[in-house]
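Asker: Have a look at this one before I ask anything.
The values are calculated or read from the model by the stated rules, or taken from the named source; none is laboratory data. The structure displayed is predicted, hence computed values, not measured ones. Quick reminder, even Gly has a Cβ in these numbers, built from the backbone with ideal geometry, and neighbours come from all protein chains shown.
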Amino acid sequence: MAVTTTEHLYDPLGPEYWEEGDVRSERDRTFQVCSDCRICVRYCPSFKDLFRFIDERDDGAHDVKFLSDAQHRQVVDECYQCKLCYIVCPYTPQQGQEWKIDFPRLMLRSLAIQGKRGDIQKGARLLARTDLQGKVATNMSGIVNRTNDVKFVRTMMEKTTGIARDRLLPTFAKVRFTKWFRKERRSSLRPDDPGPHVALFPTCLVEYQDPEIGKAAVEVCEHNGIRCELPEGQVCCGMPWLDAGDVTKFEEHARKNVAVLATAVKGGADVIVPQPTCAYVLKQEYPDFLGTDDARLVAEHTFDVAEYLMARHKEETLDVAFTGPTYETITWQAACHYRAQQIGPKSKQLMELTGAKVTMVERCSAIDGTWGLRAENAEMARRIAKPLMEAVGKAETDLVAGDCQLSNTAIREATGKVPVHPIQVLARAYGLGGGTKQPEKQAEQGKKGE
């Protein structure tokens, strides 16, 4: 069931990656091709402003090299790495065209160079320390969760971290996922039982903020005879450090995770990930930035949780005798980094096993880690996310579901509806503990300011 990683245009291990003159020339070349094509004008503000800058010159845009450094910087800063332009671009490396374009990787490269020269906001580096924040916040979850709605606290938070004071934030759990897995979990499967087994990469959002997703993943897997292990030594996937332009810190996290997960894979396990951004990072960023056989091995054996289960369903049918509550209709947001993995609507297919009619919404929440939460981007993010929020708000389905917990939080903020992870839909249908938390009981907690 190995997956294939994408061929990317820029090599972070090559010396030219860090040359500012080279990256400026590459942006000029890419911006010219993008201006001639313009298929991505409907996507993020980077393209809208890029084309506006070009069109203001009003000379037919035969040569875009006139763009200033400040204009280049704005295009870079407005890219929030949704990766959707890469999916639709007709000039990506694997297309075999004369022009080879990798816009999100070029923006990431430009951001890394900014980070290397120290030209990144301090708040982004502070927010990248997710494990430290998570460990502290879960130990004080009651206080932290209550103060998240206190105006003075949020004002100070905005000044120190850059997180907009009026954005809804995920709450922190009292019991971390790893503690539940090692001390409270009850499994009917033994470590030496034959059959498939998986290593969980829980992600920070599941570990510190919504362990119910991780519980549901474990219980659904074990209900279907798939043994679960949680390798010790895992840390944040490191994506927040890439967002902060700190490649060195990102690589430190990547090496730690690869060392742990490669051992599990060599022991026969596949890696499952319940959050799309982190799955994308393991599949695509680790092989590029580390360039090691172990990083490639981990990438080839990493799956989104629904992707893995649907692959198993093809090989050996999952249990479809559902004894717990199910939903007739579900609205499912296909998050950007879910779509960027190009795995197809596996979560939709998984939920359809329960008999639900699932409507897919392919719209962006414009969160991307902390980009859409930061004060300077918050209003722009809301404008970008408006089509998603309108679609969810108008949906008359029994439930809203989404794989990305940050995107789910943005939906909750905008609509008052409380999305659940698709794996929780399946756990609930099986009557398992990880799926028993009622969405309707979460709704009042989810509405901002209540």
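Asker: Just to verify a result, which residue in the stretch 1-28, among those that are in a loop (DSSP other than H, G, I, E, B) and closer than 17 Å to His72 by Cβ, is modelled with the highest pLDDT?
Answerer: Glu19
Asker: Right, next: Is it the case that Pro240 is under 17 Å from the mean Cα position of the chain (by Cα) and either more than 30 Å from Glu315 (Cα to Cα) or of a type in the set (S, T, N, Q) (or both)?
Answerer: For Pro240, the condition - under 17 Å from the mean Cα position of the chain (by Cα) and either more than 30 Å from Glu315 (Cα to Cα) or of a type in the set (S, T, N, Q) (or both) - is met.
Asker: Determine, yes or no, whether Thr326 is at pLDDT 95 or above, surrounded by fewer than 21 Cβ atoms within 10 Å (Cβ to Cβ) and in a strand (DSSP E or B).
Answerer: no
Asker: Sticking with this one: Here are Gln114, Gln133, Gln81, Gln94: which of them is in a loop (DSSP other than H, G, I, E, B) and of a type in the set (S, T, N, Q)?
Answerer: Working: Gln114 fails: in a loop (DSSP other than H, G, I, E, B); Gln133 fails: in a loop (DSSP other than H, G, I, E, B); Gln94 fails: in a loop (DSSP other than H, G, I, E, B).
So the residue among Gln114, Gln133, Gln81, Gln94 that is in a loop (DSSP other than H, G, I, E, B) and of a type in the set (S, T, N, Q) is Gln81.
Asker: Looking at Lys48, Lys65, Lys100, which one is basic (Lys, Arg), out of contact with any strand residue (DSSP E or B) (no Cβ under 6 Å at 6 or more places or on another chain), modelled with pLDDT under 95 and not in a helix (DSSP H, G or I)?
Answerer: That would be Lys100, the only listed residue that is basic (Lys, Arg), out of contact with any strand residue (DSSP E or B) (no Cβ under 6 Å at 6 or more places or on another chain), modelled with pLDDT under 95 and not in a helix (DSSP H, G or I).
Asker: Hey, another quick one. Would you tally the residues in the stretch 198-234 being of a type in the set (Gly, Ala, Ser) and surrounded by 20 or more Cβ atoms within 10 Å (Cβ to Cβ)?
Answerer: Residues flagged as of a type in the set (Gly, Ala, Ser) and surrounded by 20 or more Cβ atoms within 10 Å (Cβ to Cβ) within the stretch 198-234 amount to 4.
Asker: Has the stretch 203-215 got at least one residue that is among the hydroxyl-bearing types (Ser, Thr, Tyr) and part of a loop (DSSP other than H, G, I, E, B)? Walk me through how you get there before you give the answer.
Answerer: As a first pass, look at the stretch 203-215 and keep what is among the hydroxyl-bearing types (Ser, Thr, Tyr): 203, 208.
Keeping just the survivors that are part of a loop (DSSP other than H, G, I, E, B) gives 203.
Yes; the residues of the stretch 203-215 include at least one that is among the hydroxyl-bearing types (Ser, Thr, Tyr) and part of a loop (DSSP other than H, G, I, E, B).
Asker: Kindly evaluate Val75 against the criterion of being over 21 Å from the mean Cα position of the chain (by Cα), aliphatic (A, V, I, L, M) and assigned by TED's automatic domain parsing to the domain that holds Arg42.
Answerer: yes
Asker: Do you know which residues across the stretch 309-318 are surrounded by 15 or more Cβ atoms within 10 Å (Cβ to Cβ) and in a loop (DSSP other than H, G, I, E, B)?
Answerer: If the condition is that a residue be surrounded by 15 or more Cβ atoms within 10 Å (Cβ to Cβ) and in a loop (DSSP other than H, G, I, E, B), then Leu318 is the only one that fits.
Asker: So is Thr331 in the same structural domain as Ala401 (by TED's automatic domain parsing), more than 28 Å from Pro240 (Cβ to Cβ), in contact (Cβ under 8 Å) with a residue 60 or more places away in the chain and buried (at least 17 other Cβ atoms within 10 Å of the Cβ) or not?
Answerer: Judged against the criteria, Thr331 is a match.
Asker: Conditions: (1) free of Cβ contacts under 8 Å to residues at least 40 places away in the same chain; (2) surrounded by 19 or more Cβ atoms within 10 Å (Cβ to Cβ); (3) in a strand (DSSP E or B). Thr359 meets all but one. Number of the miss?
Answerer: Only one criterion in (1) free of Cβ contacts under 8 Å to residues at least 40 places away in the same chain; (2) surrounded by 19 or more Cβ atoms within 10 Å (Cβ to Cβ); (3) in a strand (DSSP E or B) is unmet by Thr359, namely (2).
Asker: Taking the stretch 290-308 as the region of interest, how many residues are closer than 18 Å to Ser347 by Cα, in a helix (DSSP H, G or I) and acidic (Asp, Glu)?
Answerer: 1
Asker: Would you confirm whether or not the stretch 88-97 contains a residue that is over 26 Å from the mean Cα position of the chain (by Cα) and in the same structural domain as Gln74 (by TED's automatic domain parsing)?
Answerer: Within the stretch 88-97, one or more residues are over 26 Å from the mean Cα position of the chain (by Cα) and in the same structural domain as Gln74 (by TED's automatic domain parsing).
Residue by residue, here is whether (1) farther than 30 Å from Ala385 by Cβ; (2) within 19 Å of the chain's Cα centre (by Cα); (3) among the charged types (D, E, K, R) holds:
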{"site": "Asp288", "(1), (2), (3)": "no, yes, yes"}
{"site": "Arg312", "(1), (2), (3)": "yes, no, yes"}
{"site": "Val320", "(1), (2), (3)": "yes, no, no"}
{"site": "Thr326", "(1), (2), (3)": "no, no, no"}
{"site": "Ala340", "(1), (2), (3)": "no, yes, no"}
{"site": "Pro345", "(1), (2), (3)": "no, yes, no"}
